[in-house]
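To keep things clear, I will list the structure first and then write my remarks on it.
The values are calculated or read from the model by the stated rules, or taken from the named source; none is laboratory data. Not measured: the values here are computed from a predicted model. No Cβ is skipped: glycine too gets one built from the backbone with ideal geometry, and neighbour counts run over all protein chains shown.
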Amino acid sequence: MWQSFVDLIHTLIPWFDGGLADVVIILIKGVALILPLIIMMAYMTYAERKVIGYMQLRIGPNRVGPLGLLQPFADVFKMMFKEIIFPSKANIYLFLLAPILAFVPAVAIWAVIPMGEGFYITDLDVSLLYVLAIGSVGVYGIILAGWASNSKYPLLGALRSASMLVSYEIVIGFVVVTVVMIAGSVNLNTIVADQAGGIWNWYWIPLFPMMIVFWISALCETNRAPFDVVEGESEIVGGTHVEYSGMCFALFFMAEYINMIMMAALAVLMFFGGWHSPFEGVPYLEAWFTFVPDLVWLLVKMSFFLFLYLWIRATFPRYRYDQIMRLCWKVFLPLTIIWIFVVGLMTQLEIGPWF
Amino acid sequence: MIKKVKKLVKDFGLGDIRAGMKITAKQLVADKITVQFPEERTPISPRFRGLHALRRYPNGEERCIACKLCEAVCPANAITIESEMRDDGTRRTTQYDIDLFKCIFCGFCEEACPVDAIVETHIFDYAFESRESSIIDKKGLLAIGDENEKAISKARLEDSKYR
């Protein structure tokens with residue numbers, strides 16, 4: 001998909017070649033990725049308010065535009081025109097660096113996420129490792145925000161996030177190990193290609209408990225309810241966000257939502273066959289659905305997981321901090337380690353069509 | 001022992017989580033109870049006591065005879081009445097002010113009135129732009145009465161069965 005686009009640019013502008021062309025093409029790729037991502041993120045906030053409203057027997061936003069569909073834009077403009085307030089004793093450089101450190105890794109991860117057959121920005125051989133590595137850099141943004149604000153609630157939020165995110169990263173790491181053991185590769189493209197051939201070949205069946213563990217850890221990694229103790233409106237006001245306003249806050253917000261979308265994409269890529277149609281190998285149905293592009297399948301599956309985020313948020317009360325820690329170290333970690341052995345046995349004995 | 005195993009199965013089968021999510025899923029498709037206020041309104045009892053109004057007889061003559069019973073009964077002293085004899089020999093008010101900041105909307109003025117002149121309408125969504133405008137004078141009260149005469153008489157009729 002990209003290659004034909006690059007060729008098109010070269011034929012359209014023949015003198016446009018060499019180093020400059022590469023830079024411009026990279027720029028265009030970046031914008032083509034980030035712009036839809038930000039629009040997705042904006043409408044994710046709309047969907048969140050609407051879905052949670054419906055689950056609470058309310059209607060949700062419905063004033064701006066038809067069905068309130070322009071609400072995200074109203075929010076964006078409000079955020080842009082709001083004043084950015086600096087706490088008088090805060091370290092301004094760190095204070096401004098924190099939202100950038102939260103936002104940049106959230107977007108940078110998307111460089112390796114494949115969105116279709118051969119439709120990606122980079123085909124990195126260690127893409128899953130890259131996702132884990134860059135994903136943990138995002139924690140620095142939150143910790144720095146808490147520290148630089150020079151205020152007690154943000155600091156508490158930062159302390160919570162530091163230990164929580166680090167613990168759950170271990171669990172996610174182990175879950176990824178099971179996926180890698182089955183696929184035999186750390187490349188997301190290969191992992192998805194390995195799941196070709198219908199819904200029965202996807203990894204969610206041999207890794208069913210891991211999928212659930214991954215999803216709950218993903219809730220934790222993205223600071224979403226019921227694990228949103230980092231923000232904890234009712235306990236520590238807004239956690240690390242307390243002192244931030246305007247676009248600085250918007251950057252944190254965008255980082256959180258882009259991370260959510262990334263986690264949904266990762267769950268689909270690792271457990272639900274990525275862009276593969278669920279009807280592959282099924283007579284008739286496979287032929288009927290061949291017209292659906294790869295990207296649409298991926299987006300449909302992702303939107304289910306994004307809906308699950310909202311559904312879970314509307315359902316459960318917030319976990320207490322020590323309960324979150326207990327869940328991580330005493331339940332998930334032993335479970336994942338046991339399942340690593342189970343998967344090891346399954347791969348050795350070659351049970352099922354997955355290995 | 002069996003109890004423990006049962007609990008273990010329930011916990012690892014996400015029993016409570018599934019039950020909770022089932023409830024929210026049902027709520028998602030249930031009828032919404034929000035009332036879109038300016039466009040939709042909740043039903044109001046005919047006895048509802050809102051903004052005041054002065055009524056007229058069908059021939060256009062104002063009902064109020066300046067008996068000052070409402071002024072006397074008003075527990076908040078919100079009503080001020082001045083009266084004089086009109087050319088045709090009847091007693092009429094020259095001034096009839098209600099201070100809506102003082103008024104507690106008890107409805108005693110309405111109860112006291114022998115000619116059903118002062119009434120409380122169903123209007124409850126009004127606002128003032130300055131402090132002085134909280135006092136409604138006779139002209140304003142009569143205007144409110146003229147504007148809402150249909151609704152006022154309908155509410156009186158509905159309520160008359162129970163009085």
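Some points to look at:
- Residue in region A:340-349 that is among the small types (Gly, Ala, Ser), surrounded by fewer than 20 Cβ atoms within 10 Å (Cβ to Cβ) and more than 21 Å from the chain's Cα centre (by Cα) present: yes
- Residue, nearest to the other protein chains (Cβ to nearest Cβ), within region A:199-213, restricted to residues that are in contact (Cβ under 8 Å) with a residue 40 or more places away in the chain and assigned to a helix (DSSP H, G or I): A:Pro209
- Going through (1) at pLDDT below 85; (2) within 14 Å of chain B (Cβ to nearest Cβ) one by one, A:Ser277 falls short only on (2).
- Residue match in region A:255-273 (condition: more than 28 Å from A:Lys78 (Cβ to Cβ) and part of a loop (DSSP other than H, G, I, E, B)): yes
- Condition check for A:Tyr54: of a type in the set (Phe, Trp, Tyr), in contact with a helix residue (DSSP H, G or I) (Cβ under 9 Å, 6 or more places away or on another chain) and within 27 Å of B:Phe37 (Cβ to Cβ): yes
- Qualifying residue in region B:71-86 (condition: under 23 Å from the mean Cα position of the chain (by Cα), within 14 Å of chain A (Cβ to nearest Cβ) and not hydroxyl-bearing (Ser, Thr, Tyr)): no
- Qualifying residue in region B:3-16 (condition: in contact with a Phe, Trp or Tyr (Cβ under 9 Å, 6 or more places away or on another chain), within 12 Å of chain A (Cβ to nearest Cβ) and at pLDDT below 90): no
- Test result for A:Lys82, in contact (Cβ under 8 Å) with a residue 60 or more places away in the chain and within 23 Å of A:Phe249 (Cα to Cα): yes
- Within region B:25-42, not a single residue is touching a residue at least 60 places away in the same chain (Cβ under 8 Å), under 27 Å from B:Lys161 (Cβ atoms) and of a type in the set (D, E, K, R).
- Scanning region B:17-41 for residues that are outside any helix (DSSP H, G or I), among the β-branched types (Val, Ile, Thr) and within 9 Å of another protein chain (Cβ to nearest Cβ) returns B:Ile33, B:Thr34.
- Conditions (1) buried (at least 23 other Cβ atoms within 10 Å of the Cβ); (2) among the hydrophobic types (A, V, I, L, M, F, W, C); (3) outside any helix (DSSP H, G or I): number failed by A:Ala218: (3)
- Test: A:Ile9 is at pLDDT below 85, away from chain B (no Cβ under 14 Å), farther than 30 Å from A:Ser136 by Cβ and part of a helix (DSSP H, G or I): yes
- Odd one out for B:Cys109 among (1) in a loop (DSSP other than H, G, I, E, B); (2) surrounded by 12 or more Cβ atoms within 10 Å (Cβ to Cβ): (1)
- Single condition A:Asn223 does not satisfy, out of (1) of a type outside the set (D, E, K, R); (2) in a helix (DSSP H, G or I); (3) under 15 Å from the mean Cα position of the chain (by Cα): (2)
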